[in-house]
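The values are calculated or read from the model by the stated rules, or taken from the named source; none is laboratory data. Predicted, not measured: the structure shown is a model, and the values here were computed from it. Cβ placement follows ideal geometry from the backbone for every residue including glycine, while neighbour counts extend to all protein chains displayed.
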Amino acid sequence: MIDPGDALNRLDEQLDQDSSVTILTGAGISAASGIPTFRGDDGLWEEFDPSELASPQGFQRDPETVWEWYDERRQMIAEAEPNQGHYALAEWDDAFPKLSLITQNVDGLHEEAGSESIIKLHGSIWEVSCWDNCDSSPGSWTDRTAPLEEIPPICPDCGGLVRPEVVWFGEQLDPAVLDASERSLNCDVFFTIGTSAEVHPAAGFITRASRQGAFTVEINPDTTSASGTVDLAVQEPAEEFLPRMNESLGIN
Ligand code: OAD
């Protein structure tokens with residue numbers, strides 16, 4: 001395991017304001033905001049079944065149960081605040097003009113912390129759309145009501161079901177979003193922060209960035225399948241390491 005001081009020195013060698021930097025974040029960046037991660041002993045998928053709650057088939061079978069689960073998560077996220085990890089990354093917008101931030105999170109906490117131009121790989125828990133894609137509904141729209149007034153919520157145009165605009169298991173990612181992510185893999189330094197690197201295509205981004213010549217860095221208190229392949233694995237919580245890194249590299 002690398003000493004945090006050595007990690008900071010190596011990052012200092014790799015980064016300057018001309019560096020193109022790409023960040024991939026996952027649930028771990030929001031853990032310190034009180035939002036549970038998906039995997040691991042306390043993870044959501046230990047208690048809940050993703051095929052019931054995060055798949056089109058599960059929604060088709062039982063939209064009410066799916067919406068009850070999303071309504072609870074929306075209420076919890078509505079009360080959560082960004083943490084020092086989110087705020088530290090928001091400082092990178094000015095520090096690195098060539099920055100891309102890809103997140104698998106649907107919670108919106110990067111925006112709340114001030115990050116701009118976020119590539120939301122798995123959508124947003126605050127966006128909804130008509131399940132039947134009815135002609136009169138506007139594609140997707142923002143609904144921040146938490147708790148919801150009605151479960152399941154109803155499309156204002158056709159009276160059919162509304163779904164959360166998040167990517168479920170078995171669904172394709174938005175091609176434009178995937179394209180933007182893939183273009184950002186051609187970078188000088190690639191950070192993977194707070195993700196177990198289990199879910200594709202995001203999990204594959206690390207190796208793809210590395211093959212294109214990026215110096216790869218993982219920030220995660222635990223070991224993941226990416227830990228052995230990255231150039232630098234920092235085994236610390238993001239909310240602790242990132243503010244220290246900003247201070248050490250003069251990012252503020
Ligand atoms: P996971 O729950 O799979 O992984 C979270 C990672 O965060 C783990 O590797 C933890 O070790 C790490 N972690 C925990 N606390 C941390 C902290 N304070 N700082 C840094 N890291 C920390 O979550 P994701 O990798 O985001 O998709 O999961 C990917 C996708 O799987 C999610 O977007 C979701 C899920 O199923 C869908 O719902 C489609």
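Here are a few things to note about the model shown:
- When each of LEU24, LEU8 is tested for being in contact with a Ser or Thr (Cβ under 7 Å, 6 or more places away or on another chain) and more than 21 Å from LEU121 (Cβ to Cβ), the lone residue that passes is LEU8.
- Of all residues in region 46-70, those satisfying the criterion of being more than 12 Å from the ligand (Cβ to nearest atom), free of Cβ contacts under 8 Å to residues at least 24 places away in the same chain and charged (D, E, K, R) are GLU47, GLU52, ARG61, ASP62.
- The residues in region 169-203 that are among the hydroxyl-bearing types (Ser, Thr, Tyr), in a loop (DSSP other than H, G, I, E, B) and more than 10 Å from the ligand (Cβ to nearest atom) can be counted, and the count is 0.
- The set of residues in region 204-239 that are closer than 19 Å to THR37 by Cα, among the charged types (D, E, K, R) and assigned to a loop (DSSP other than H, G, I, E, B) comprises ASP222, GLU236.
- Count of residues meeting criterion [farther than 16 Å from GLY5 by Cβ, within 13 Å of the ligand (Cβ to nearest atom) and among the hydrophobic types (A, V, I, L, M, F, W, C)] in region 231-252: 1
- Filtering region 46-85 to residues that are within 18 Å of GLY108 (Cβ to Cβ), assigned to a helix (DSSP H, G or I) and of a type outside the set (Phe, Trp, Tyr) leaves ASP71, GLU72, ARG73, ARG74, GLN75, MET76, ILE77, ALA78, GLU79, GLN84, GLY85.
- Looking across GLY34, GLY40, one residue alone is within 10 Å of the ligand (Cβ to nearest atom), touching a residue at least 12 places away in the same chain (Cβ under 8 Å) and over 19 Å from GLU127 (Cβ atoms). It is GLY40.
- Tally, over region 119-152, of residues that are assigned to a loop (DSSP other than H, G, I, E, B) and out of contact with any Leu (no Cβ under 9 Å at 6 or more places or on another chain): 16
- Residues that are surrounded by fewer than 20 Cβ atoms within 10 Å (Cβ to Cβ) and either more than 21 Å from GLU165 (Cβ to Cβ) or at pLDDT below 95 (or both), drawn from region 93-112: ASP93, ASP94, ALA95, PRO97, LYS98
- Among the candidates LEU99, LEU148, residue that is within 27 Å of PRO221 (Cα to Cα), more than 15 Å from the ligand (Cβ to nearest atom) and of a type in the set (A, V, I, L, M): LEU99
- Those residues of region 189-203 which are at pLDDT 95 or above and either in contact with an Asp or Glu (Cβ under 6 Å, 6 or more places away or on another chain) or surrounded by fewer than 19 Cβ atoms within 10 Å (Cβ to Cβ) (or both), in sequence order: THR192
- Condition check for THR223: hydroxyl-bearing (Ser, Thr, Tyr) and within 18 Å of SER19 (Cα to Cα): no
- Of the listed requirements (1) out of contact with any strand residue (DSSP E or B) (no Cβ under 7 Å at 6 or more places or on another chain); (2) surrounded by fewer than 20 Cβ atoms within 10 Å (Cβ to Cβ); (3) without any contact (Cβ under 8 Å) to a residue 60 or more places away in the chain, PRO82 misses just one: (2).
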